[in-house]
Amino acid sequence: MIPITRLSVGEAEAMAAAEAVRSGWLTSGKRVQQFESLVAEYVGAKQAVGVSSCTTALHLALLAAGVRAGDEVICPSFSFISTANAIRYVGAEPVFVDIDPDTFNIVPELVEAAISPRTKAILPVSQIGLAADIPAILEIGRRYGLPVIEDAAPSLGAKVGDAFIGGLSDYTCFSFDPRKVLTTGEGGMITTNNAEAAERLRAMRAHAASVSAIDRHTTARVVLECYPEVGFNYKLTDIQGAIGIVQMGRAEEIIAERRRLADRYRQLLADDARVVLPLEPQGYRHVYQSYCIRLRSDKTQLEVMDAMAQLGVAGRRIIAIHQEAPYRQCRAGSSLVETERAMKETLLIPLFVGLSDAEQDEVVMAVRKALD
């Protein structure tokens, strides 16, 4: 079976993790701090805060932005369910708006139309490796006094013009799980230009302790911490930080290979009218965390995925969150017709560093045969 992804890790990552184990310091420490600095420098943000996942990153960012129980947060439905779950974690309600059918990202005009007196934040998703229209969404946020918390879980390295996402929104949240552009096994990162918010985020990830564990354990003086608010155990470990440091050194190499593979898919599938290929808008850099095709066929998505699986090739879908049980009663800020159409018609096919030309040819053959 050709899987949807394979890990791009090797001896350098293994050695870095082993060195962290041998160091005697495994929880969040100096390696996490170095990883944070590398991510912040890479995306052009002043601050980066490592946490245990992108979901916990979104949770903490929503709290830092002042979102509370009874508030509303505007977001897309075409996303992984964690986007909405994080909003629920703070007691707020997601308000779903529709996506652009070509980019699969949230439509700024629909965001503005969905704003109500209860709206306290905008949560766009930079989906499958392509940045949302963050400049337009930020402009809306500024006019209405709403923070923008970007779910960029799959899109580290994506650009709008010359600017990396991660240095634009009030808070940007990345994922390092095994399917993402870079991985630390699990893990996440919040980037922000707000130093005061970053200080609170670092405390909140460790039960809101006033002094970090590494500061308490590496000083010759007695340091007594206090806990001024309810926090969480959302720390990133130094083992993950060590792997992340190595991965960050490979970031542009990994992205270049993903883009090469995406371009090869484009060449191989360009003549098949039954497949609509992903769009990279002018001025954007797509990092292709996933290669998302749209099916133009009388075959259903499930039929195509099942036929591909029988041929030894994996496929995946993106859900419409508003159709899942916990969110069926949520307010929709717009018609979700494009979201529902995309959920039924799109398909993610294998793309990862290490995918050979022969395997890619096999994927394309499986897609064609499944559509025949």
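The values are calculated or read from the model by the stated rules, or taken from the named source; none is laboratory data. Keep in mind the model is a prediction, meaning the values are calculated, not measured. Neighbour counts run over all protein chains shown; Cβ positions are idealised from the backbone, glycine included.
Restricting ALA64, ALA69, ALA84, ALA48 to residues that are within 14 Å of the chain's Cα centre (by Cα) and among the small types (Gly, Ala, Ser) narrows the list to ALA84. Scanning the stretch 341-372 for residues that are in contact with a strand residue (DSSP E or B) (Cβ under 6 Å, 6 or more places away or on another chain) and under 17 Å from ILE128 (Cα atoms) gives ALA342, MET343, GLU345, THR346, LEU347, LEU348, ILE349, PRO350, LEU351. Looking only at the stretch 180-211, which residues are more than 18 Å from PHE35 (Cα to Cα) and modelled with pLDDT of 95 or more? The answer is ASN194, GLU196, ALA197, ARG200, MET204. Restricting LEU279, LEU261 to residues that are aliphatic (A, V, I, L, M) and in contact with an Asp or Glu (Cβ under 8 Å, 6 or more places away or on another chain) narrows the list to LEU279. In the stretch 313-351, which residue that is among the polar types (S, T, N, Q) and not in a helix (DSSP H, G or I) is nearest to the chain's Cα centre (by Cα)? If we take residues in the stretch 313-351 being among the polar types (S, T, N, Q) and not in a helix (DSSP H, G or I), then THR346 is nearest to the chain's Cα centre (by Cα). Checking each residue in the stretch 195-228 for being of a type in the set (D, E, K, R) and out of contact with any Lys or Arg (no Cβ under 9 Å at 6 or more places or on another chain) picks out GLU196, GLU199, ARG200, ARG202, ASP215, ARG216, ARG221.
Return a yes/no flag: does the stretch 59-68 have any residue that is of a type in the set (A, V, I, L, M, F, W, C), touching an Asp or Glu at 6+ places or on another chain (Cβ under 6 Å) and assigned by TED's automatic domain parsing to the domain that holds HIS217. I'd like the intermediate steps shown before the answer.
Step one: of the stretch 59-68, the residues of a type in the set (A, V, I, L, M, F, W, C) are 60-65, 67.
Now narrow it down to the ones that are touching an Asp or Glu at 6+ places or on another chain (Cβ under 6 Å): none.
There is no residue in the stretch 59-68 that is of a type in the set (A, V, I, L, M, F, W, C), touching an Asp or Glu at 6+ places or on another chain (Cβ under 6 Å) and assigned by TED's automatic domain parsing to the domain that holds HIS217.
Pairs linking a residue in the stretch 357-372 that is farther than 15 Å from ARG6 by Cβ and assigned by TED's automatic domain parsing to the domain that holds VAL313 to a residue that is among the hydrophobic types (A, V, I, L, M, F, W, C) and outside any helix (DSSP H, G or I), with Cβ atoms under 6 Å and 6 or more positions apart or on different chains, are ALA366/LEU311; ALA366/VAL313. The set of residues in the stretch 1-32 that are in contact with a helix residue (DSSP H, G or I) (Cβ under 9 Å, 6 or more places away or on another chain) and buried (at least 17 other Cβ atoms within 10 Å of the Cβ) comprises ILE2, SER8, VAL9, GLU13, ALA16, ALA17, ALA20, TRP25, SER28, GLY29, ARG31, VAL32.
Quick one: which residue in ALA262, ALA256, ALA342 is farther than 21 Å from PRO76 by Cβ and buried (at least 18 other Cβ atoms within 10 Å of the Cβ)?
ALA262
ARG317 meets the stated requirement of being touching a residue at least 24 places away in the same chain (Cβ under 8 Å) and either surrounded by 20 or more Cβ atoms within 10 Å (Cβ to Cβ) or within 28 Å of SER8 (Cβ to Cβ) (or both). If a residue must be part of a loop (DSSP other than H, G, I, E, B) and closer than 22 Å to VAL353 by Cα, how many such residues does the stretch 271-312 contain? Residues in the stretch 271-312 being part of a loop (DSSP other than H, G, I, E, B) and closer than 22 Å to VAL353 by Cα: 11 in total. Of the helices (runs of 4 or more DSSP H) that lie entirely inside the stretch 10-90, those containing 3 or more residues that are of a type in the set (Asp, Glu) span 11-23.
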